[in-house]
Structure formats: structure tokens, C-alpha cells
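Below: the structure, in C-alpha cells.
The values are calculated or read from the model by the stated rules, or taken from the named source; none is laboratory data. Keep in mind it's a predicted model, so treat the numbers as computed, not measured. For neighbour counting, all protein chains shown are included, and Cβ atoms are generated from backbone atoms with ideal geometry for every residue, glycine included. These area figures cover heavy atoms from the full protein model, side chains too; ligands, DNA and RNA do not enter into them. Shrake-Rupley method; radii C 1.70, N 1.55, O 1.52, S 1.80 Å.
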Amino acid sequence: MRIIAAVLALVSLSCAQAGGPAMMTQDTRVVKYARFKAGQDVHYGILEGDRLRVISGAPWESFTKSSQTFAVADVRLLAPVESKKVFCLAGNYASHMAGQPLFKNPELFFKLPTSLAATGDDVVIPKGTEDVHYEGELVLVIGKRAKNVTAQQAPAYIAGVTCGNDISARDWQKGDRQWWRAKGCDTFGPIGPYLVAGLNPDNLQLELRVNGETKQKERTNDLLFKSAEVVSFISRFVTLEPGDTIFTGTPQKTTAVKPGDVMEVEIEGIGILRNKVAAAP
């Protein structure tokens, strides 16, 4: 028994030093990852107190921890992932549907990868829209290639979660045949500040504030379609790849924001995604 215990201890130490992909399983420890810029260099890192330790690869890859660290205050946090595909769910909280018939399957649409922005970045309202709304959301990040996975298998394909704000131009959303500009304008998809592994996506407190005033507050266990079901459903039709993001839907009513407003999306265990609204030059 002592030999077995010693071997297990060595394996545990090796894993802690080397790191590796941390998918969403119940026994995964909570780890916060960042993608950040220090000087001219872009790194992935693990948050350790108020410092970021550089790692050799993306959080969902096998990586090693380096001896190099940076103070969070001295770097610029970037969007925690670079996504090839950005999915969003419509009407995934009953409180947002306001009595309308609920969807029988996850109802999805796309945002553009170029809509993604980081905490601290301005959300820029383009000319021509007069009714831009916030939508605070939990965002899933895919950690490995997923095709035709079951709901039971799906948690193993989720690398972690982050905060998101699905900015939406309601007038374009109502007037256009497609939502490409209503949802997909540059900066209309801020995410961050961290990618967090080890949390239960379906039981987190979500809150959105505008200028410090709470506008949305609900737990993700009210999601109509839970995280595993959503990943499984998408994978039946579209192959999910590492770094792809899924905005899981927004709760309750939303209202318009204007240049100068500060939006904050705070999700339990993740942190605060903060963005100021600005007008296009």
C-alpha cells in the first residue's frame, strides 16, 4: 500500500508540474487561465494570486508551467480564447421569453469571431442603430474536437467557462432578415476576464450591471437547455473545435445602453467582465 501511495503521489506531482487539458468533470480543481499581452508578447497563463504564470500552450492542451510570472496589473488581458466559431443560444431562459412558447430544441445562431473583445475593451456602437442592448451570459469554451458526442460525453469536451456579453442591436435584429450585424458587429461579443476550469456551468450566479445598477440576475441552473445538452446538440450538425465558444443565453429583460455607460458581467467563480460603451468615430 505504501508503494502504491508513493506512486500516486509522484503521478499527482508530475501532473501538477506539467499541466494539461482540464475538462469539466466534477472532480476537477478550479483553475483560472488567462490569455494576455506583456510587452509585445502574447501568452497563456495560470492565475496564482495576483500574478500570472506563463504556460507553454493553450489551457486545453498538454502544457508545462514556466518560471516566468507577471503581475496582473502589469499586463493587458485579452479575450481568453481565439475562436473559429462562436455560437449563441436564443431564448434559453424562461424569464427572457416573457411568456412566449419555449423552444423544443436549442435555438442557435452565430456571432462572428471578429465580434469577440476583451475585458476593458470598448463596445463600439456603429452608426445607424439606435437601440443597442446588453445580454449577460455564461460562455462555454470547447477543449477538444467534438462530433456526435452524447450528453453524457459532452462535459469531457468543455475546457471551461467564461463571462460573455451578447451585445445586440435590437432595431437591426427586428428589421433585418439575418442577424449578421445585429449580433456580429466588431466588439459585440466581449468575453473574459478568465477561462475557468472546474466549475459546474449549470449552477452559477450570473449578474449584469450597468453603471453599478443590477439589470440582470439569475442562476444558470435556470437554463432551459443545460451545457452538456447544448454541446451534444451542436455536435450532431457542426464539428466543434478547441477554442470554439458557446454563449448559453441571457435571462430576464434587457434595456438599451448608450455611449459612456459601463457594463459589468459578473459570474460566480469567474470574475467580472467590464466594458465601456462608446460611439463609432
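Test each condition in (1) surrounded by 15 or more Cβ atoms within 10 Å (Cβ to Cβ); (2) touching a strand residue (DSSP E or B) at 6+ places or on another chain (Cβ under 8 Å) for S95 and report the one that comes out false.
(1)
Is there a residue being at negative phi, of a type in the set (A, V, I, L, M) and open to solvent by 40 Å² or more (accessible area, probe 1.4 Å) anywhere in the stretch 215-228?
yes
If P106 meets every condition in (1) closer than 26 Å to Y33 by Cβ; (2) touching a residue at least 60 places away in the same chain (Cβ under 8 Å); (3) not β-branched (V, I, T) apart from one, which number is that one?
Every listed condition holds for P106 apart from (1).
Here is a list of conditions, (1) part of a helix (DSSP H, G or I); (2) open to solvent by 30 Å² or more (accessible area, probe 1.4 Å); (3) within 19 Å of V86 (Cα to Cα), and D121 meets all of them except one; can you say which number that is?
(1)
In the stretch 73-92, how many are within 19 Å of E264 (Cβ to Cβ) and either touching a Pro at 6+ places or on another chain (Cβ under 6 Å) or surrounded by fewer than 20 Cβ atoms within 10 Å (Cβ to Cβ) (or both)?
Initially, the stretch 73-92 is screened for residues within 19 Å of E264 (Cβ to Cβ), giving 73, 76-80.
Next cut, either touching a Pro at 6+ places or on another chain (Cβ under 6 Å) or surrounded by fewer than 20 Cβ atoms within 10 Å (Cβ to Cβ) (or both) only: 73, 76-77.
Total meeting the criteria: 3.
Quick one: E107 ticks every box in (1) closer than 28 Å to E229 by Cβ; (2) acidic (D, E); (3) open to solvent by less than 60 Å² (accessible area, probe 1.4 Å) except a single one, so which number is it?
Failing condition for E107: (3).
Here are F188, F237, F247: which of them is open to solvent by 40 Å² or more (accessible area, probe 1.4 Å) and of a type in the set (A, V, I, L, M, F, W, C)?
Working: F188 fails: open to solvent by 40 Å² or more (accessible area, probe 1.4 Å); F247 fails: open to solvent by 40 Å² or more (accessible area, probe 1.4 Å).
Every option except F237 fails the conditions.
Within the bounds of the stretch 177-188, is there any residue that is more than 27 Å from A146 (Cβ to Cβ), among the hydroxyl-bearing types (S, T, Y) and within 15 Å of the chain's Cα centre (by Cα)?
Within the stretch 177-188, one or more residues are more than 27 Å from A146 (Cβ to Cβ), among the hydroxyl-bearing types (S, T, Y) and within 15 Å of the chain's Cα centre (by Cα).
Kindly indicate whether any position in the stretch 147-165 is crowded, with 17+ Cβ neighbours inside 10 Å and under 18 Å from A278 (Cβ atoms).
Yes, the stretch 147-165 contains at least one residue that is crowded, with 17+ Cβ neighbours inside 10 Å and under 18 Å from A278 (Cβ atoms).
Is it the case that some residue within the stretch 207-225 is more than 15 Å from G136 (Cβ to Cβ), part of a loop (DSSP other than H, G, I, E, B) and of a type outside the set (A, V, I, L, M, F, W, C)?
no
Quick check on my filter: what residues within the stretch 243-268 are in contact with a strand residue (DSSP E or B) (Cβ under 6 Å, 6 or more places away or on another chain) and part of a loop (DSSP other than H, G, I, E, B)?
Residues satisfying the conditions are D244, T248, G249, T250, P251, Q252, T254, V257, P259, D261, E268.
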